[in-house]
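Structure first, commentary second.
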Amino acid sequence: MSLADVKSVRAGLGGTVNDVVLALVSGGLRELLLARNEAVSERAVRALVPVSVRGSGERGVYNNRVSADVRRTPGWRRGASGAARPS
């Protein structure tokens, strides 16, 4: 998926480019686990996500002001039909 496509998804659904990438990666991991016949409904996958801690006055300044946050990746829930679907 190109960056332009990611930005288009972000613009259409809201959030950030990083949110879209995290959803894509977690969806790919889910598909891999399903292909390996692993149970996915009972799993919670977490990711260490870099977070900018620059102040509003530092926009455009080239410095490394980054922290990290542990986030639960987008999960899946059962729909009315019982089929797994993204939540």
Exercise. In this structure, is Asn64 surrounded by fewer than 10 Cβ atoms within 10 Å (Cβ to Cβ) and at pLDDT 85 or above?
Worked result: no
Seminar exercise, completed: Matching residues in region 33-63 (hydroxyl-bearing (Ser, Thr, Tyr) and touching a Lys or Arg at 6+ places or on another chain (Cβ under 8 Å)) number 2
Seminar exercise, completed: Quick count over region 12-61, residues being assigned to a loop (DSSP other than H, G, I, E, B) and closer than 16 Å to Arg72 by Cβ, is 7
Exercise. Among the residues of region 1-38, which ones are aliphatic (A, V, I, L, M) and touching a strand residue (DSSP E or B) at 6+ places or on another chain (Cβ under 9 Å)?
Worked result: Leu22, Ala23, Val25, Leu34
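Condition check ((1) more than 13 Å from the chain's Cα centre (by Cα); (2) surrounded by 11 or more Cβ atoms within 10 Å (Cβ to Cβ); (3) among the polar types (S, T, N, Q)) across all residues:
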| site | (1), (2), (3) |
| --- | --- |
| Met1 | yes, no, no |
| Ala4 | yes, no, no |
| Ser8 | yes, yes, yes |
| Val20 | no, yes, no |
| Gly28 | no, no, no |
| Leu33 | yes, yes, no |
| Arg36 | yes, no, no |
| Ala47 | no, yes, no |
| Arg59 | yes, no, no |
Problem set entry | Where a residue in region 31-55 is modelled with pLDDT under 80 and its partner, wherever it lies, is exposed (fewer than 10 other Cβ atoms within 10 Å of the Cβ) and not in a loop (DSSP other than H, G, I, E, B), with Cβ under 9 Å and at least six apart | Ser41/Arg77
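The values are calculated or read from the model by the stated rules, or taken from the named source; none is laboratory data. Quantities reported herein were computed from a predicted structural model and do not represent experimental measurements. Heads up, the Cβs are rebuilt from the backbone with ideal geometry, glycines too, and the neighbour counts pull from every protein chain shown.
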